[in-house]
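What follows is a single structure, written as C-alpha cells, with notes after it.
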Amino acid sequence: MTPSYIEDHISQIPALQLLIKMGYQYVSPDEAMELRGGRTSNVLLEPILKKQLEKINSIQYKDKEFAFSESNINAAIIALRELPIQDGFIKANQAFYDLITLGKSLEQTILNDKKSFSFQYIDWKNIENNTFHVTEEYAVLRSERNDTYRPDIVLFVNGIPMVVIECKSNVIKDPINQAISQHLRNQQEDGIKGLYQYSNLVMSLAVNEARYATTATQKEFWSVWKEVFRTKEEGMQYGDAIRQLKNSELPNTERTAIFNQRFSNVLHYFNQLEKEEVIVTEQDKLVFSLCQKQRLLDLIFNYIVYDDGIKKITRYQQYFAIKETLKKISVADANGKRTGGVIWHTQGSGKSLTMVMLAQLIATQKTIKNPKIILVTDRIDLNTQITETFQKCHVDVEEAQTGKHLVELINSPTDAVITTLIHKFEAAINQSKEGFTSPNIFVLIDEGHRSQYGTFNVKMQKVFPNACFVAFTGTPLMKKEKSTANKFGGLIDVYSITDAVEDKAVVPLLYEGRHNLIEVNEKPLDTFFDKVSEPLTPYGKTALKRKYSTANQLNKADQVIYARAWDISEHFEDNIQGTGFKGQLVAPNKTTAIKYREYIKEIGKVSCEVLISAPDTRENYDDAFEENEDVVLKFYKAMMSKYGKQLDYEKSVISAFKKQEQPEIIIVVDKLLTGFDAPNNQVLYITRSLKEHTLLQAIARVNRVAPGKEYGFIIDYFGNLENLDNALNTYSGLNDFEQEELIGTIININKEIEKLPQAHSELWDIFKTIKNKYDAEAYSELLSDESIRHPFYEKLSAFVRLFKLAMASIEFNDIENEKTIDKYKKDSKFFLQLRVDVKRRYFDDLDYKEYEPQVQKLIDKHITTHGEVLKITELVNIFDKEKREAEVEKMIGKAAKADHIATRTVKAINVKMNEDPIFYKNLSTLIREAINDYHQHRIDEALYLQKAKEYENQFLTGKQNNVPNSIQDKPNAVAFYNLINAVLENSFNNTPEPKEVQASAALEIEDCIKNVVYENSTLIIDWQTNTEIEKELKNNLDDLLFEKQQQYETQFSFDKIDELIEEVIKIAKLKYI
C-alpha cells in the first residue's frame, strides 16, 4: 500500500480524529441535518442549544433556585437566530459576540416579583458544563440561491457553530491560500454568511501548513500559531502530549461513525496506517493548540476585539506575552507590590491591541481589587491613537488633559483606563508629594525607552512605591538600557523582527543607498563668508561656521533638494506608481520639506503633500538659519486657511494618504515616524540622519502587510546605513543594540538580485527540448502537460519578481549590464505573453501576484524606449573597487593630491583640533570634511580621503574672545562652554544671562568629570578605557542635564543630550590624562 494524498485521507479525517480524541462529540452529516430540522438554511443545532441553555442557566432569588421559563428560553434562541444582518455582516457578528460574552437580560416573574435576570449562552467559568460537537461536510444554503456550500469541518459549542475549518491536500498548488480563499468566498454576499456570522475562529489546514484567523479576516492577516515555552521541559511535555493523543486509539463508536460515511477501502487504509506511529503535522499542532476546550473559550472570551469595524483575534506572541504578564503580576510581596517588566514586540506586531487586551484582563482579575490602570505614551499622536483604539474596542477610557487632571483621575473611583502623555505624568508626579501607595495601580508605558529609564524612573518609583510598571517597546532594547530596564522588572517577552518576518506578520525591508556628489567652490565661499561675518568676534564666526558646515546642512542645499526631488519622482514613477502603494519622504526640517513639496509638484510626475507641526515663531525668529520663517509661516497659514486647525489638517492629510489616490507621497520631518500605521505605505525616502530607536521605528513605517506587497523599500540619501553588507554592524546608531535582535531588520537587495541569473536560467531550462526556439506554438504545446506548466508559472513569477527588484536598483542599471537587461526584458515580455496564451488555452485559474502588472508596465516602457532606464551617472558603484577609486580621483583632483600634508603634521593638528573642535576649524575645511564624510558613508570605513590640505594655515591661535570672565582662565571649561553653546543652541535664552548660565553649566560639567576620574585627588590610571567609569560619567552627566532642565525650565531633546554627552567625554579623554 502507498500513502494517499487525497484531501479527505491526509487532512480532513486526521483533523476529525484528533478533535474527537480532544473531547469533541462527532455528529455525522445526516445527524446534523436532523438536528437542523432538515433545513440547510438553519445552521444552529437547536435541540442541543435548547437543552444546554436550560442546563447552564438558572435564577437565584431569595436563596432559592428557579428555572427560566420556556418562553424565555425560546426568546433567547430567537435573539440568537435573528441577528441584525441588515446592519452589515460584521455588525451582526459583533451583536452575536456581545450576546455570548455579555449575556442577555430577560424578564421573569418569580414569587410575584417581575425582575430582569442575566442569561448566558456559554458557561465561561465552568468549561465542562458546555457541550462540544464536531461535524463535517456541513451543507449550508447560499444567500438568495438554491445551491449550497459545504465547509469541511464545523465545531459547535452548545449547538452554536463557533469554528469553521477548511482542509486541503498538501500536494495541490498553494493549498493554504486556496483554503483561505474558500473561507473568504463563503463570506461574500452570495456565500454562506448565515453560518459565518456565528464564527469566532476560522482555520485553514494543509497537513504541514496551517493558519488561523477570525471572521472576515483578509488573506494577508491570517496567522501562524506557535506555542511559546518558557522551559525546555514545557516544550517536551507539549510534544509528548500531542504525539500520544494523535496515536491513541479512537473509540469504536466514533470510529465507526466516521468511516460509515465513506467507502470501505478508506477504513482499510487507516487500519493499515495506524499500525505504526503516525508523525505529528503542523495542522495537528494548530488544531491541538487552538481547539482545546479551555484554550478555545479563553481565546473567544478574552482575546477577540472589534477595532473600528474590523474583528481581530490575538496572534500567538500577544497571547503568550499577556499570559506571562498576568502570571507575573498575580504574585504580590508582603506589601502587595507586584513585579512588572518590559515587553519587546517589534513594530507592526500589534502592540496597541496587546495593551488593550492586557488592560481588559487586568481589570477583570479576581485577585486584584479595584485596579487603576494608567497608560503613558510619549507623543500626542500615539496617545490619541491608543485612546481611540480603546474606545473602538469598547473599553472605557479617560484621557488626562493636564497633570492636575491626571491626579484627579487617579484619585477618582472611576474604573476607566486612564491615558496620558509622559510630560503630564511627570507633572502629576511633581505635584503629588505624598504619592499614591495603592498596590493596585498598574502603569503601562508605551515605547518605554530613555525617558523612563533615568532619573525620572526613580521619581516614578517614589510617587508610586507599590505600583506595577509594564513597559512596551517596538524596537530592540539597547545594551545600556537592559540593565536599567530591570528596574521595571526585567524582560517579560520578546517578539523580534526575524520572528515577525518569518510569521509573515510584516514584510521584509529592502535597503538601497543613494547620494549626490557635491562640490564646493571654496575661494568665493570663504570670501563671501568673511564679508558677511565681518562684524562678529572670532568666537561668533566659529559658531556660525559650525552651523553652516554640517552634513545635515548640505542636505538642505537648494540644488541638492532639487536633484533628489527628480530622483524620487522618477523612482516612484518607475517602481511604485499605479500599484496602489504610497511613499513617505523624511526631510531634515520644515523649510526643506516644503521645498521638496514645491519641486516634486513642479516636476509633475508624482502627487505629494507635506505634514508638519505648527511653526515655532520664537524659534524661527531666534534662528532664521534653521527655518525660513517666510516659507514655513506662509505654508502653514495656507494650511490653516484650508483646514481650520492643526488637528483637522493632520487628519485630512493622513486620511487622504491612506484612503484616496492622492497624495502618493507624504512628506514629513518628525511626524509619522513612529506609531503611523498605513499598510499601503511601501517606500521610505530618507534625506536626513536618523538614529537608534527613531531609525528602527521609521523604517518600520513600510513593513506593514498589505495585498500584493512583497517588500518595503528604504531609499536612503543620507547614509544612515553605510552599506548593505555591514549596515547593522557599522552604523553607530545601531551599535548599541544586541546584534542577535537586529537580524532580519533589512535584506540586502543585492543578495536578492544575485539570484536573478539562476532564475532566468531555470526558466529557459523548462524549454530545452524545443528544437525550434522561434516556434511559439511549440512552447504552448510543451506546456499542455500540467506537471510542466505549473513549474513554468512558478519560475516565471520568481523571475519577474527578481527582475522588478533589479530594475529598481541603480547599481543593476549600469551600462555594463545593458545587454543582459535587454535580454531579460525581451524574455520577460515573451514569457508573460506565453503565460496569457496557455492560461486561456488550458483553462488555468491562477492567483497571480499584484506586483506583476508593475513589471509588465516597466518592461513595456523600456522596450519602447530601447533600454532607457533610470541612471544617475555621478553615483559611485560601491561594489566595484576600480570604479570607486576612479570616482575618488575625479572628486579630489590633482591640485588636492599635490597639497597633501605629511602624516605627522596631520596628527599634530588633529590632536589640537579635538581639544576644542568647535573653535579650531575653518569654514571651507569643515564643509570639505562633511562632504568627504558623506561619501565615506557611501563607500567604506577607510581613513578620511586626503583632506589635509594646508591644515597648518587654518587654525586660530591665542586666547578666545567673547567668553565669560568666570571661565577665561579655565580652558577645559571653555571647551565645554563652546560645546553647550553649539549643541544646545538657544536652550537658555529664557534666562536673564544665558552666557553666564552656560558658563556655570560648563564648570559643573568639569566638576562632574573630576569627581569621577579622580580618586583622592589622584587621576585614575587608564580611566579612558574603563567602561564602568565611562558608564558612570554618562549617567552623572545625564542627571546633571536633567537637573539643568528643571532648574531653568527649559527642554533638551534626547538626541541633543546624547550628542553633548558624547562630545564632552571625547574632550575629557584628551584633557584629563
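Nothing in this text is a laboratory measurement; each read-out follows from the coordinates by a stated rule. Here the structure is a predicted model, which is why all the values come from computation and not from measurement. All Cβ positions, glycine included, derive from the backbone under ideal geometry; neighbour counts span all protein chains shown.
Across the cross-link table entries K64/K91; K219/K829; K605/K826, which are compared at the Cα atoms, the separations over 32 Å belong to K64/K91. Each 10 Å bin, from zero up to the one with the longest distance, holds this percent of the alpha carbon pairs of segment 747-798: 23, 46, 22, 10, 0. If you wrap the Cα atoms of segment 12-71 in a convex hull and average its projected area over all directions, you get 6.3 nm².
Here the label points at K64 and E82, each 7 Å from Cα along the C-beta direction, are separated by 3.2 nm in the simple model.
Our estimate of slack between S613 and K773, defined as 0.36 nm per intervening residue step minus the Cα-Cα distance, is 51.4 nm.
Using the Cβ of D775 as centre and a radius below 15 Å, the other residues enclosed give a net charge of 0, where K and R count +1 and D and E count -1. Exposure proxy shown here: for T419, T214, the number of other Cβ atoms within 10 Å sets the order, fewest to most, as T214, T419. Between L1019 and R39, the modelled label-to-label distance comes to 9.4 nm, taking each label 7 Å out from Cα in the direction of the beta carbon.
Ranking of V586, V507 by neighbouring Cβ atoms within 10 Å, starting from the fewest: V507, V586.
Distance between the 7 Å Cα→Cβ label points at S264 and Y238: 4.4 nm. Legend: calculated FRET efficiency, V171 to D677, from the Cβ-Cβ distance at R0 = 35 Å, rounded to 0.05, equals 0.40. Stokes-Einstein, applied to the Kirkwood radius of segment 965-1071 over Cα pairs at a viscosity of 1.306 mPa s and 10 °C, places its translational diffusion at 112 µm² s⁻¹.
Extension gain for Y5-N146 works out to 47.6 nm (0.36 nm per residue, less the C-alpha to C-alpha distance).
Loop-resident chymotrypsin sites (Phe, Trp or Tyr not before Pro) (DSSP state other than H, G, I, E or B) in segment 229-266 with no more than 12 further Cβ atoms inside 10 Å of their Cβ: F263. Cα-Cα over 28 Å: which of K671/K709; K62/K372; K709/K773; K193/K323; K232/K275? The answer is K62/K372; K709/K773; K193/K323; K232/K275.
Database remark: amide H of N681 closer than 5 angstrom to the amide H of K582 (H placed geometrically; neighbours at sequence offset of 5 or more, or on other chains; Pro and chain starts carry no H).
Shown here: segment 7-295, whose C-alpha atoms stretch 66, 46, 41 Å along the first, second and third principal axes, sorted largest to smallest. How much length is gained if the chain between Q292 and N962 is pulled fully straight, taking 0.36 nm per residue apart and subtracting their Cα-Cα distance, in nm to one decimal? In short, 233.5 nm is gained. Each of S118, S496 has some number of other Cβ atoms within 10 Å of its Cβ, and from fewest to most they run S118, S496. Close Lys pairs in segment 968-1073 (alpha-carbon distance under 15 Å; sequence gap of 8 or more, or different chains): 14.
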